[in-house]
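Peer 1: Got a structure for you, questions after.
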2 protein chains.
Amino acid sequence: MSVEFRVDPARYRHWRVDYDGPVATVTMDTDEHGGLVPGYELKLNSYDLGVDIELYDITQRLRFEHPEVAAVVLTSGKDKIFCAGANIRMLAASPHHHKVNFCKFTNETRNGIEDATANSGQTWIAALNGTASGGGYELALACEHIMLVDDRSSAVSLPELPLLGVLPGTGGLTRVVDKRHVRRDLADYFSTRPEGVGGKKAAAWRLVDEVVPRTAWDQTVTARARERATAPRPAKSQGVTLTPLAKERSADAIQYRYVKAKLDPARGVAEITIEGPQDDPPTDAAGLHAQGDQFWTLAMTRELDDLILDLRTNEPELGTWVLRTQGDPEKVLAYDRLLSNGGTPEDWLPKEITGYLKRTLKRLDVTSRSLIALIEPGSCFAGSLLELALAADRSFQLAGTREEDDPDNEPATITIGQMNLGPLPMANGLTRLQTRFLGDDKALAEAERNQQQKLEAEAAEHLGLVTFAPDDIDWADEVRIAVEERNSFSPDALSGLEANYRFAGPETLETKIFGRLSAWQNWIFTRPNASGPDGALRKFGTGQRADFDRKRV
Amino acid sequence: MSVEFRVDPARYRHWRVDYDGPVATVTMDTDEHGGLVPGYELKLNSYDLGVDIELYDITQRLRFEHPEVAAVVLTSGKDKIFCAGANIRMLAASPHHHKVNFCKFTNETRNGIEDATANSGQTWIAALNGTASGGGYELALACEHIMLVDDRSSAVSLPELPLLGVLPGTGGLTRVVDKRHVRRDLADYFSTRPEGVGGKKAAAWRLVDEVVPRTAWDQTVTARARERATAPRPAKSQGVTLTPLAKERSADAIQYRYVKAKLDPARGVAEITIEGPQDDPPTDAAGLHAQGDQFWTLAMTRELDDLILDLRTNEPELGTWVLRTQGDPEKVLAYDRLLSNGGTPEDWLPKEITGYLKRTLKRLDVTSRSLIALIEPGSCFAGSLLELALAADRSFQLAGTREEDDPDNEPATITIGQMNLGPLPMANGLTRLQTRFLGDDKALAEAERNQQQKLEAEAAEHLGLVTFAPDDIDWADEVRIAVEERNSFSPDALSGLEANYRFAGPETLETKIFGRLSAWQNWIFTRPNASGPDGALRKFGTGQRADFDRKRV
């Protein structure tokens, strides 16, 4: 079954969104029978990938279609339960790569919620009108403010370890100690209590920000939302509708307007090409608004986002993604310039588009596929699109031209623009250029000094901006060997290698969640103590105890 | 088979150490037939745990017995090979917990080498007189300066991924990008080339610091050692001999002079008790030197170090360590004070003892066992010994006295001393107190304001210094439940939980290596692609290719 990430808000099955001026209320009310695949029921507001795909869509539409919103209340439509977390039967029945992919996507959506609070002026508030357990509490942890109803039964909990023998998979452990600063011994105790902690103790331990009696619940939630809805926001009328994304998909190709991918299972490769803009950008922000979601950067980013999710989820055996671009580098830089000139409250849209591109490139960074960028004549690796080459594990730039095929073409160039110098940071908080030249300030300064220059292969290689610069004679062989070789290596070891090399430098909540916590979670998921026939994940709900190999490793 | 970590330098099988004034030369020359267990030959200076146990002993004796040494040259006694890394057949035949334990210990030894350069005035130089591959190159990466002979055949390499389908297990990936600042795409290429990189390219890519022609090798190595031997060092005569450690071990108990452990396989528990000093400390540094390795802090630390290694390696099913102390808190603080007053070049010994305690407590932090501290009447959790309680996942302090058994005893206290405020940082660079109160400066300041105060249970709990403070009526049940419960959980999930909660806050090379890289390595080791019957680790050397499940996760 192929998972589809494009959703139509008119057909949400699990969520409601209500708008009241600057406050939006997002209500989770999962349809028990609306699971993505048969075999489990989404009871107690438990979720699967399908539920989270809708949530992701909500976060995107809040940003683009509802710029007037300044506070988002996340709550539940069920009685006495906020959210029971990821559906256990779904997890137990899923193959390992699906579990990992599911956790990755839900992590990205929660990071996106934090990013909305931090960078989009949309502050998320978790209004826990009932128990939030496991992934339900982790969802709350992504919000800026957590309110819990104080009714002697509602609690927050992370019951994964005691009940399932796995870790909370969506950043819970990291956010508890590193974001909310719960004391580590209390966190340890909390994470081994299936029933969790509620009432005043939950607030005293910093697991939630406040507990509120049920009698005062509605008015307090409303008050908090109003208090938090302080960021200056544009009018609703300025919103940009995200129209349905046109996409053609077959077994061996995926095609959008600007992005296409050729799927080659025999070689284990997806060949991805991104087209630059065909026209000049509008001359000002008003023109940008008029183009709305047809504006090249936004349209291209939506397509790339969908493609990454599609390939990750539906094509796990395509282990290498080859990245190409096609078009006029000057036009890419012109679009980038228009976006860079935005950023005032009136000009929320350029900033929002740039933020979306930032998150999409981060999605690429944490994708467990080898990324190889090919910089050839006719390509447009400039500014925002140069980030693709900088995100790649290796890049090849053709030196000179193709002597036989196309001797009169201009040689391939790359160009550093404003977009490479700040607006698109990685999860480690650094730009991809800074990460590339970590600890080598001289090389970084030299690269920055060459911004806006069209750099041919030799110059780019000399500056350390590309890995290799073979000429026409060597190109085909070098590239072919790099790609074939990648396909011959252990896919697990490649995932580990790439995860370690892509995030050198400082650590943040995000890198901890993707780099460390996910690795532990992966390990635990594969161990017989969790997923073996007698493991805790398989025994859950059977009334039988898991049979553990007690050796600590 | 029980692994023994105490070694007698007169019986080293794999190493030679030569002294020449301020320069020591450590030569690896493994005995092919000296493997720790039968079944493999230690060819090409490959190593197993036994080889690394000797290396660890060397690093310790260099610090304590040879304080005159200011530079350490690490080289090979074999022709054309520096070190081929961990022995593959040993790895392939080892159970998972042994592989992980082996990697952890070798990591600690390499971190100890970096610590000697940074904090003991003993700068390590890797003199690669032949190829250094895998763990051999990782050993070099722990040195401050790497020299490689330039002879058209010697190279450095990390062939684990292409040849074995696993990651370099001893910090290689982290040190390549985060310490040596090799550019990430070059690092990627390097780590997929089984033959590695040698000559000028190795230096240009920063994989080594210099390449030296064979004709100039000896004199250049000597010159570099002399140049680096600049730290002011005390006279050789001041060295402290590390005499053999007295230890009695049976199936259910381990006993040293100050440290003892009761082993309880039925409950999955090791009950560890550390005795404080019986006598007052010497009055000055001269008295400390005179006591040498019988000085309480040093003697106790050596015992604790050996116990941690013994339990970790030989008792993997004892998943919970219960930590107690016994003695006079005032005397512990008096020993701490004597150590704190050292630190000048003449007083190298107090600093060295404190550094050893620091490393031993770090060893405890990265030990994958649940740590529960019990603070009872008669205990001495003060200063350096309070660190044990702060290292624990949870601590219990008895409120009041034992009404029936011992009503006249003084209630248990804890005392914050100088040792808790700086000299014993964790791997994250913070003290255990700072980590405990991460993001809560007020609580940290309040705790620090109460230093030197004997804090009974209520006060300690109020300050957040202990987890729980049950009274005599509740004590037995609460402790019993905590310990029993721990033994009922998935050991894997506990390891993951503890690894995430113990290291909140900033990240360092060390936390990246233990927290992130190790988790990836654990995961990859357990996957069928590495250790399954058709995995790369099992197929190595058979001439057959591994059969990979190609799904990326």
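Peer 1: With both bridge residues required to lie in the protein assembly as shown, what share of the DSSP beta bridges run antiparallel, to the nearest 5%?
Peer 2: 35 percent
Peer 1: In whole Hz, what ³J(HN,Hα) sequence does the range A:122-131 give by Karplus (6.51, -1.76, 1.60; θ = phi - 60°), x for Gly and Pro?
Peer 2: Karplus values, whole Hz, x for Gly and Pro: 10, 8, 8, 10, 8, 9, 7, 7, x, 5.
Peer 1: Once phi is turned into ³J(HN,Hα) by the Karplus curve 6.51 cos²θ - 1.76 cosθ + 1.60 with θ = phi - 60°, what whole-Hz value does each residue of the range A:474-483 show in order, with x for glycine and proline?
Peer 2: In residue order, the calculated couplings are 8, 3, 4, 5, 4, 5, 4, 5, 4, 6 Hz.
Peer 1: To continue, here is another question. Below 8 Å, C-alpha to C-alpha, sequence gap of six or more: please give me the relative contact order for chain B in percent.
Peer 2: Reported as a whole number, the value is 12 percent.
Peer 1: Mind pulling the angle between the C-alpha long axis of helix B:329-340 and the longest principal axis of chain B? Nearest 10 degrees, somewhere in 0 to 90.
Peer 2: Tilt relative to chain B: about 40 degrees.
Peer 1: Charges at C-beta only: +1 for Lys and Arg, -1 for Asp and Glu. How large is the resulting dipole of the protein assembly as shown about its Cα centre, in Debye rounded to 20?
Peer 2: Magnitude of the dipole: close to 760 debye.
Peer 1: What whole number of Å gives the distance from the Cα centroid of the range A:333-384 to the Cα centroid of the range A:210-272?
Peer 2: Result: 17 Å between the Cα centres.
Peer 1: Taking the DSSP beta bridges in the range B:49-197 as the whole, what percent of them are antiparallel, to the nearest 5?
Peer 2: Taking every DSSP beta bridge with both residues in the range B:49-197, the antiparallel ones total about 10 percent.
Peer 1: For the range B:2-33 and the range B:504-553, write down the distance between their C-alpha centroids in whole Å.
Peer 2: Between the Cα centres of the range B:2-33 and the range B:504-553 lies a distance of 31 Å.
Peer 1: Can I ask one more? Largest first, please: the extent of the C-alpha atoms of the protein assembly as shown along each principal axis, to the nearest Å.
Peer 2: 84, 82, 50
Peer 1: Compute the length gained on full extension between B:Glu330 and B:Lys262: take 0.36 nm times their separation in residues and subtract their Cα-Cα distance, giving the result in nm to one decimal. Spell out each step's value before the answer.
Peer 2: Values: separation 68, 0.36 × 68 = 24.48 nm, distance 2.64 nm.
Separation in residues times 0.36 nm, less the Cα-Cα distance, equals 21.8 nm.
Peer 1: Continuing with this model, one more query. Please list the non-local residues whose amide H lies under 5 Å from the amide H of B:Thr123, H modeled 1.01 Å from N, same-chain partners needing a gap of 5 or more.
Peer 2: Residues meeting the amide H criterion: B:Ala71, B:Val72.
Peer 1: What residues have an amide H closer than 5 Å to that of B:Ala382, excluding those fewer than 5 places away on the same chain, when H is modeled at 1.01 Å from N in the peptide plane?
Peer 2: Sorted by chain and number, the residues that satisfy this are B:Thr415.
Peer 1: May I pose another question? Using +1 at the C-beta of Lys and Arg and -1 at the C-beta of Asp and Glu, which of B:Val479, B:Gly39, B:Gly121 has the Cα lying farthest in the positive direction of the dipole of chain B?
Peer 2: Farthest towards the positive end: B:Gly39.
Peer 1: Across the range B:82-99, in residue order, what do the Karplus-derived ³J(HN,Hα) couplings come to in whole Hz, using 6.51 cos²θ - 1.76 cosθ + 1.60 with θ = phi - 60° and x for Gly and Pro?
Peer 2: For the range B:82-99, the Karplus curve yields 7, 6, 8, x, 5, 5, 5, 5, 4, 4, 4, 8, 8, x, 3, 5, 5, 4 Hz.
Peer 1: Summarise the partner chain shielding of A:525-532 as one whole number: the mean count of Cβ atoms from other chains within 10 Å of each residue's Cβ.
Peer 2: The shielding value for this peptide is 4.
Peer 1: For chain B, give the percent of accessible area contributed by carbon and sulfur heavy atoms, probe 1.4 Å, rounded to a whole number.
Peer 2: 48 percent
Peer 1: Then there is this: Over all distinct Cα pairs, what is the inverse of the mean 1/r for chain A, reported as the Kirkwood hydrodynamic radius in Å?
Peer 2: 24.6 Å
Peer 1: While we're here: Could you give the angle, 0 to 90 degrees to the nearest 10, between helix A:49-65's Cα long axis and the longest principal axis of the Cα atoms of chain A?
Peer 2: 70 degrees
Peer 1: Let me have the relative contact order for the range A:201-305, percent, based on Cα pairs under 8 Å that are six or more residues apart.
Peer 2: 18 percent
Peer 1: Something else about it: Take each of the peptides A:446-458, A:243-255, A:266-278, average the number of other beta-carbon atoms within 10 Å over its residues, and list them starting from the highest.
Peer 2: Those peptides, ordered most packed to least, come out A:266-278, A:446-458, A:243-255.
Peer 1: While we're here: Could you work out how far apart the two model spin labels at A:Asp280 and B:Thr222 are, taking each label as a point 7 Å from the Cα in the direction of the beta carbon, and quote it in nm?
Peer 2: 7.3 nm
Peer 1: Show that you can apply the helix-only estimate: for chain A, add -39,500 (n - 2.57) for every DSSP H stretch of four or more residues, divide by all residues, and state [θ] at 222 nm to the nearest 500. Mind dumping the intermediate values first?
Peer 2: On the way: 20 runs with 207 residues, N = 553.
Helix contribution divided over all residues of chain A: -11000 deg cm²/dmol.
Peer 1: Based on alpha-carbon centroids, what's the gap between the range A:139-202 and the range B:284-304 in Å, whole number please?
Peer 2: 44 Å
Peer 1: Further question on the same structure: Where a ≥ b ≥ c are the square roots of the eigenvalues of the C-alpha gyration tensor, would you call the range A:278-404 rounded, which needs a/c under 1.5, or, failing that, prolate if a/b is larger than b/c, or oblate?
Peer 2: On the way: a/c = 2.35, a/b = 1.36, b/c = 1.73.
Verdict is oblate for the range A:278-404.
Peer 1: Now, a different point. Compute the label-point distances linking A:Pro411 to its equivalents in the other copies; points lie 7 Å from Cα along Cα→Cβ; give nm, one decimal, shortest first.
Peer 2: Going from nearest to farthest copy, the values are 8.0 nm.
Peer 1: Using the structure shown, list the pairs from B:Lys43/B:Lys512; B:Lys331/B:Lys454; A:Lys512/A:Lys539; B:Lys104/B:Lys512; B:Lys104/B:Lys362; A:Lys104/B:Lys104 with a Cα-Cα distance above 19 Å, or answer none.
Peer 2: B:Lys43/B:Lys512; A:Lys512/A:Lys539; A:Lys104/B:Lys104
Peer 1: Additional query: Between A:Asp477 and the same site in the other copies, what are the distances in nm, shortest first, taking label points 7 Å from Cα along the C-beta direction?
Peer 2: 7.9
Peer 1: Only Lys, Arg, Asp and Glu count, each charged at its Cβ (+1, +1, -1, -1), so figure out the dipole size of the range B:442-514 about its Cα centre, rounded to 20 debye.
Peer 2: Values: 7 positive and 16 negative charges, 92 e Å.
That gives the range B:442-514 a dipole magnitude of about 440 debye.
Peer 1: For A:Gly77, which sequence-distant residues (separation of 5 or more, or a different chain) have an amide H within less than 5 Å of its own amide H, given hydrogens modelled in the peptide plane?
Peer 2: For A:Gly77, the qualifying residues are A:Met28, A:Asp29.
Peer 1: Between A:Gln453 and B:Ala204, what FRET efficiency comes out of the Förster formula 1/(1 + (r/R0)^6) with R0 = 22 Å and r the beta carbon distance, rounded to 0.05?
Peer 2: According to the calculation, E is roughly 0.40.
Peer 1: Determine the gain in length on full extension of the stretch A:Asn119-A:Asp29; use 0.36 nm per residue of separation and subtract their C-alpha separation, reporting nm with one decimal.
Peer 2: Once the chain is fully extended between A:Asn119 and A:Asp29, it gains 29.6 nm.
Peer 1: Another question about this same structure. Pairs on different chains or at least eight residues apart, Cα atoms closer than 28 Å: how many lysine pairs in the range A:163-272 fit?
Peer 2: 4
Peer 1: At B:Arg249, with labels set 7 Å past Cα in the Cβ direction, how many nm apart are the copies from this one, shortest first?
Peer 2: In ascending order, 5.8 nm.
Peer 1: Once you place label points 7 Å from the Cα toward the Cβ at B:Ser2 and A:Gln294, how far apart are they in nm?
Peer 2: 8.0 nm
Peer 1: For the pairing of chain B with chain A, what total accessible surface becomes buried, with a 1.4 angstrom probe, in square angstrom to the nearest 100?
Peer 2: Buried surface at the B/A interface: approximately 8500 Å².
Peer 1: Now, a different point. Angle, helix B:296-314 long axis vs. longest principal axis of chain B, Cα atoms, 0 to 90°, nearest 10?
Peer 2: It works out to around 70 degrees.
Peer 1: Send over a whole-number figure in Å² for the accessible area per residue of chain B, probe 1.4 Å.
Peer 2: On the way: 19380 Å² over 553 residues.
Normalised by residue count, the accessible surface of chain B is 35 Å².
Peer 1: Of all DSSP beta bridges located in the range A:244-327, what percent are antiparallel, nearest 5?
Peer 2: If I count the DSSP bridges inside the range A:244-327, around 60 percent turn out antiparallel.
Peer 1: So which aspartates and glutamates can A:Lys78 reach, going by Cα to Cα under 12 Å and dropping same-chain residues fewer than 8 places off?
Peer 2: Qualifying aspartates and glutamates at Cα under 12 Å: A:Asp29, A:Asp31, A:Glu32.
Peer 1: Turning to a different aspect of this structure: How many partner chain Cβ atoms sit within 10 Å of a residue's Cβ in peptide A:161-168, on average, as a whole number?
Peer 2: 5
Peer 1: At 1.4 Å probe size, with no ligands or nucleic acids counted, give the accessible surface of A:Phe102 in Å², nearest ten.
Peer 2: Solvent-accessible area, nearest 10 Å²: 10 Å².
The values are calculated or read from the model by the stated rules, or taken from the named source; none is laboratory data. Quick caveat, the model's predicted, so the values are computed rather than measured. Neighbour counts run over all protein chains shown; Cβ positions are idealised from the backbone, glycine included. The protein model used for the area step is the full one, side chains on, heavy atoms only, and it has no ligands, DNA or RNA in it. Shrake-Rupley method; radii C 1.70, N 1.55, O 1.52, S 1.80 Å.
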